[in-house]
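Q: I have a structure I would like to understand better, so I am pasting it below and will then ask my questions one at a time.
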Amino acid sequence: MTKQLSPAANAVLTAVTLKRYDVPPEGLPAFAEEMAPLIAAALRAAADQVVLEVSYSKESPWQVAFADRDAQLRRDLLAIAAELEGVNA
């Protein structure tokens, strides 16, 4: 791996390499670098499909809380995706 990953991005990449080869990413750096952009694409799709970028009416405090939570979850998924896309940089 050419870049140091955040704990969240590392956990995602580790889950994939452990599932596929029962080895952490450090043991298969070429595979990890190949898989990172594919995982990023999956995370972007999840952000687009599961956590839609919508605006809530925010008429009540709980709607504001849900909207804020959803927005943060979307930002987190997209941040991990961006980090994984930069693995080969």
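Since every read-out is calculated from the coordinates, none of them should be taken as a lab result. Just so we're clear, the structure is a prediction, and the values are computed from it rather than from any experiment. Because the Cβ atoms are built from the backbone with ideal geometry, glycine has one as well, and the counts that use them run over all protein chains shown.
Q: Fewest Cβ neighbours within 10 Å first, please rank 19, 3 accordingly. Write out the running numbers ahead of the final one.
A: Values: 19 8, 3 13.
Going from least to most buried by this count: 19, 3.
Q: Sticking with this structure for a sec: Is it possible to state the helix-based mean residue ellipticity at 222 nm for the chain, with each DSSP H run of 4+ residues giving -39500 (n - 2.57), the sum divided by total residues, to the nearest 500 deg cm²/dmol? What is it?
A: Working: 3 runs with 61 residues, N = 89.
Calculated at 222 nm, the ellipticity per residue is -23500 deg cm²/dmol.
Q: Quick one: 83, 59, 34, fewest Cβ neighbours within 10 Å first, how do they rank?
A: On the way: 83 21, 59 8, 34 12.
Lowest count first: 59, 34, 83.
Q: If you scale each eigenvalue of the Cα gyration tensor by 5 and take the root, what three semi-axes come out for region 1-52, rounded to whole angstrom and sorted largest first?
A: On the way: eigenvalues 88, 25, 19 Å².
Over the Cα atoms of region 1-52, the ellipsoid semi-axes are 21, 11, 10 Å.
Q: Report the charge-dipole magnitude of the chain in Debye, nearest 20, computed about the Cα centre from +1 at each Lys and Arg Cβ and -1 at each Asp and Glu Cβ. Could you put the intermediate results ahead of the total?
A: Working: 8 positive and 12 negative charges, 17 e Å.
Computed about the Cα centre, the dipole is about 80 debye.
Q: Helix check for the chain. Which DSSP H runs span at least 27 Å along their own axis by Cα, with a mean Kyte-Doolittle hydropathy no less than -1.0?
A: Numbers: long enough: 29-49 (30 Å, 0.54); 61-85 (36 Å, -0.12).
Membrane-span-like by this rule: 29-49, 61-85.
Q: Can you compute the radius of gyration and Dmax for region 7-85, using only the Cα atoms, both in Å?
A: In order Rg, Dmax, the Cα atoms of region 7-85 give 15.6, 51 Å.
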